1. Quote the FRET efficiency, to the nearest 0.05, computed for Trp102 versus Asn360 with a Förster distance R0 of 56 Å and r equal to the Cβ-Cβ distance.
2. What accessible area per residue comes out for the stretch 270-405, rounded to a whole number of Å², with a 1.4 Å probe?
3. For the stretch 78-134 and the stretch 339-385, what is the centre-to-centre distance using only Cα atoms, to the nearest Å?
4. Could you give each residue of the stretch 205-218 its phi-based ³J(HN,Hα) in whole Hz, using Karplus coefficients 6.51, -1.76, 1.60 with θ = phi - 60°, and x for Gly or Pro?
5. Under 18 Å from a label point 7 Å along Cα→Cβ of Lys435: give me every residue in the stretch 364-393 with its amide N that close.
6. Using 1/(1 + (r/R0)^6) with R0 = 56 angstrom and r between the beta carbons of Ala409 and Ser315, what's the FRET efficiency to the nearest 0.05?
7. Measuring from label point to label point, each 7 Å out along Cα→Cβ, what is the Asp273 to Asp425 span in nm?
8. Hey, what do the phi angles of the stretch 237-251 turn into as Karplus ³J(HN,Hα) couplings, whole Hz, using 6.51/-1.76/1.60 and θ = phi - 60°, x for Gly and Pro?
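The values are calculated or read from the model by the stated rules, or taken from the named source; none is laboratory data. Bear in mind the structure is a predicted one, so any value in this text is a computation, not a measurement. Cβ: placed from backbone, ideal geometry, glycine included. Neighbour counts: every protein chain shown. When the accessible area is computed, the model is the full protein with side chains, heavy atoms only, and any ligands, DNA or RNA have been set aside. Shrake-Rupley method; radii C 1.70, N 1.55, O 1.52, S 1.80 Å.
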Amino acid sequence: MKINTTREYEDVDGNQVTAEDVFGINREKATVALIPYQDADTAAQMAWDYNARENSEYFQMLTGEKEDWELTVVQNQEQAQKFMGEEGFMTKEFQKDETDDWKTVNLPKSWTMQGFDFPIYTNNIMPWQSKYGEEYKDDYPAERQTVPPPYAPVVYNPVGLYRKTFEVKPEMVEDNRRIYLHFDGVESAYYVYVNGKEVGYSEDSFSPHRFDITDYLTDGENLLAVKVHKFSDSTWFEDQDMIYDGGIFRDVYMTSAPLVQMNDYKVLTDLDDTYENANLSVDIDVRNLSTEDQTGWSIDVQAFDEEGNDILGKSSIAVDEVVSGETTTFSFEKVVENPKLWSAEAPNLYSLVMTLKDGNGKAVESLATQLGFREIEFTRTEVDENYNVITKEWEPIKINGERLLIKGANRHDTDPFNGKAVPQDVLKEDVTLMKKNNLNGIRTSHYSNDEYPYWLCNRYGLYMMGETNMECHGIFYQSDKQGLFYEMGMDRTETAYQRLKNYPAIVSWSIGNEMTYTNDPNWANGLQRDMIIKLYLNMYNKY
């Protein structure tokens, strides 16, 4: 079974859509974490209190101790098929059979810690049987019976079926706002259904993705259903010397945004030669989902210290025109005199708040992020036309003019009670212990973490590596096989950068770990070369 093969599905209007080489269907494009707030004061608190996001009128958790889900896990897709059909598990009409093993559970939590399936640890081999099994020998040609890339196993490949009912908060739907469903981490591939209709599909276990579910919702009670495959073709790029569990292991929540909305932003802090003053620049993408062009809007830009002082004064961007159906980037730039600088030793933060106002001056949404003024300097490695390194000398990497020395550790998402779901108090204790023992860096082994660890490292001062969710022991001697995943690799590189680009704690980047050992001059059909180029182009002028 290759989960992301060419396939057809119905969109919300019932139209047939054909998709090929699928690693995502109907996902929103990769951006920073977008949580809209009703005003600037509420938004500003997120820099000092991570859970202040729940004070947003436009944020609604679907996971946690008070949120019940129904779950059953079967051995493979063939067994999961009995739950599909006209009145399948994704519909309100579905009736459970007495023999079905359904449980009421709380999330996030790996299903291996909820009485289903079992965890598997592997180092550099794939976490499944090498053959399909005798009963399948007539269904697959000989070359397919050893589960070659990019396929996944069919005999043992657990499928989890999740169901949850919910009602959308009234504030979320006012003024025709759009409702977005966020998944912060699901292992490893999943289909999303709302009220019996397929919303979309996603891979990339450790990266967040969101779906616009507005047109699938009804007044009153709604049903969310999720079908999760433990293994997929993407597992070939998720062989990070780790325990394989399965299921929804990070938060699921909803946000709502106005029809004209801030859809992404990029923050740069460029220090002067004396490392005293900083040029702050912010590029903000404004998307217009309304049916009319919009003019006369504006964006207020503020940067608060922890005492509530705005170090930018009255600053705003004129949003001259946003054409219907398009996204336009608006830029802000200002010299900030003598800001407190961020480093692991002195993690000085500000709360950067952006407030979008309509043509009448009414605030329609505020976004916020932790802002750290700091500058990374390093010697760029040059190569010739054959990708041979021609740089002869390298200066030490510096942060704010001082030599950067990292004393860090690797971390994995693993918990003895929750599988890959690591509770906030455990994450905070990890950071506390690291600081007490004079560690100052984290490598996230080798995928994006939940939002909370980045927030902690920004707040308390730990350097981090921004990592793409890729490690492929199973094929790292086979560049031709890696080429099968070219588009997926490029997507993960883009996703990791766009998500993590503004965090002050991120001081270095990785496109993957143990991706290839080869003398092939084509570098895995160009995959790794192009990922490096893509990441570099995204980062251009960041440091």
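1. It comes out at approximately 0.65.
2. 55
3. 42
4. Each residue of the stretch 205-218 in turn: 3, 9, 10, x, 9, 9, 10, 7, 10, 3, 6, 9, 7, 10 Hz.
5. Counting only backbone N, you get 370-373.
6. About 0.90, to the nearest 0.05.
7. Roughly 5.4 nm, to one decimal.
8. Residue by residue, the stretch 237-251 yields 9, 10, 9, 8, 6, 9, 7, 9, 10, x, x, 8, 10, 10, 4 Hz.
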